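Asks: This is the structure I have questions about; it appears just below.
None of the figures in this text is laboratory data; all of them are computed from the coordinates on show. Values in this document were obtained by computation on a predicted structure and should not be read as measured data. Counting neighbours? That spans all protein chains shown, and the Cβs are built from the backbone with ideal geometry, glycine included.
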Amino acid sequence: MNMPVLKILIVEDELIISETLRQMLIDMGHQCSAMANDFEEGMCQITRQQFDLAILDVNLAGLHNGIILGKECSKLGKPFFFLTSYSDYDTVQVAKVAKPGAYLVKPFTPEDILVAIEMTMMHSNTVSEGQFESFLESLVLSEREIDVLRCLKDQMTNADIANKLFVSKDTVKFHVKNLYLKLGINSRIELLSKMKGVSDGIAR
């Protein structure tokens, strides 16, 4: 999946891990908007809202207060996921209340981080039917393009779209490419953001 460059906030109290994570993000083409190594600085950075996505350690200074930071992100509508050493049932259940986009257990690989970012951003871009209808009003599209666009809104894969519309995957790819050109976008994340009316919502 092609993704726009994201400004990512890291809240992690182990400096070696936070620096490793920062370098991974840079290698992926993203930016590290800020790094915080304790709860107070993490909360300060979150309230500034100068990021597109946050990666939060669950356990900061011996306490599970990273979950509080996650709840604050949810309140502000900012996507985030947890990166932690804790995989026990009780911690996971408590963390779920904050509604993270993913829950990643250390140690991690660049591929793990990439998947967590993609899943979190996709999860954060659910489009309502009302938003979709408003979005359509500004466009001039064929009936088939609208069908494909509706499937993209529902976050269906190309294979699923092909099955639903009884066409080949190559036909779906053709329509998706044309939609991207018409809308001036390069990825599904950008498409979903436009549908939600927040195409300029990426942190600057």
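Asks: At q = 0.14, 0.15, 0.21 Å⁻¹, work out log10 I(q)/I(0) for segment 93-204 with the Debye formula, treating every Cα as an identical point scatterer and leaving solvent out; two decimals please.
Replies: Taking Cα atoms of segment 93-204 as identical point scatterers yields -0.67, -0.75, -1.19.
Asks: Size of the dipole of segment 1-106 about the Cα centre, Lys and Arg at +1 and Asp and Glu at -1 on the beta carbon, nothing else charged, in debye to 20?
Replies: Details: 9 positive and 13 negative charges, 104 e Å.
The dipole magnitude comes to about 500 debye.
Asks: Hey, another quick one. So what's the angle, to the nearest 10 degrees on a 0 to 90 scale, between helix 110-123 and the longest Cα principal axis of the chain?
Replies: Value to nearest ten degrees: 60.
Asks: Then there is this: Say the cut-off is 32 Å between C-alpha atoms; which of LYS71/LYS164; LYS106/LYS173; LYS164/LYS196; LYS164/LYS194; LYS71/LYS153; LYS71/LYS177 go over it? The partial results should precede the final answer.
Replies: Numbers: LYS71/LYS164 37 Å; LYS106/LYS173 36 Å; LYS164/LYS196 24 Å; LYS164/LYS194 24 Å; LYS71/LYS153 26 Å; LYS71/LYS177 37 Å.
From LYS71/LYS164; LYS106/LYS173; LYS164/LYS196; LYS164/LYS194; LYS71/LYS153; LYS71/LYS177, over 32 Å: LYS71/LYS164; LYS106/LYS173; LYS71/LYS177.
Asks: Let me ask you something else. Which ³J(HN,Hα) values, rounded to whole Hz and listed in residue order, are derived for segment 43-51 from phi using the Karplus coefficients 6.51, -1.76 and 1.60 in 6.51 cos²θ - 1.76 cosθ + 1.60 with θ = phi - 60°, glycine and proline given as x?
Replies: 5, 4, 5, 5, 5, 6, 6, 9, 8
Asks: For helix 66-76, what angle does its Cα long axis make with the longest principal axis of the chain, in degrees from 0 to 90 and rounded to 10?
Replies: 40
Asks: Right, something else. Grab the Cα-Cα distance for LEU63 and GLU145, subtract it from 0.36 nm times how many residues apart they are, and report the gain in nm with one decimal.
Replies: Full-extension gain reported as 24.5 nm.
Asks: With all pairs of different alpha carbon atoms counted, what Kirkwood hydrodynamic radius in Å does segment 7-123 show? All intermediate terms of the calculation are to be shown ahead of the outcome.
Replies: Details: mean 1/r = 0.0731 Å⁻¹.
One decimal place: 13.7 Å for the Kirkwood radius.
Asks: Just to check I understand the Karplus step: with θ = phi - 60° and J = 6.51 cos²θ - 1.76 cosθ + 1.60, what whole-Hz values come out for segment 167-179, glycine and proline as x?
Replies: For segment 167-179, the Karplus-derived couplings read 10, 7, 5, 5, 5, 4, 4, 4, 5, 4, 4, 5, 5 Hz, x marking Gly and Pro.
Asks: Let me ask something else. Restricting to DSSP H runs of at least four residues, report the calculated mean residue ellipticity at 222 nm for the chain, -39500 (n - 2.57) per run over all residues, nearest 500 deg cm²/dmol.
Replies: Details: 10 runs with 107 residues, N = 204.
Rounded to the nearest 500, the figure is -15500 deg cm²/dmol.
Asks: Could you estimate the translational diffusion coefficient of the chain from the Stokes-Einstein equation, with Rh from the Kirkwood formula over C-alpha pairs, at 10 °C and 1.306 mPa s, in whole µm²/s?
Replies: Working: Rh = 18.1 Å.
Reported coefficient: 88 µm²/s.
Asks: Share of Cα-Cα pairs in segment 129-195 beyond 13 Å, in percent? Could the numbers behind the result be given before it?
Replies: Values: 1354 of 2211 pairs.
Looking at segment 129-195, the distances longer than 13 Å represent 61 percent of pairs.
Asks: By how many nm would the segment from ILE16 to ASP160 lengthen if fully extended, with 0.36 nm per residue of separation less the alpha-carbon distance? Please report the intermediate quantities before stating the final value.
Replies: Working: separation 144, 0.36 × 144 = 51.84 nm, distance 4.17 nm.
The ILE16-ASP160 span can extend by a further 47.7 nm.
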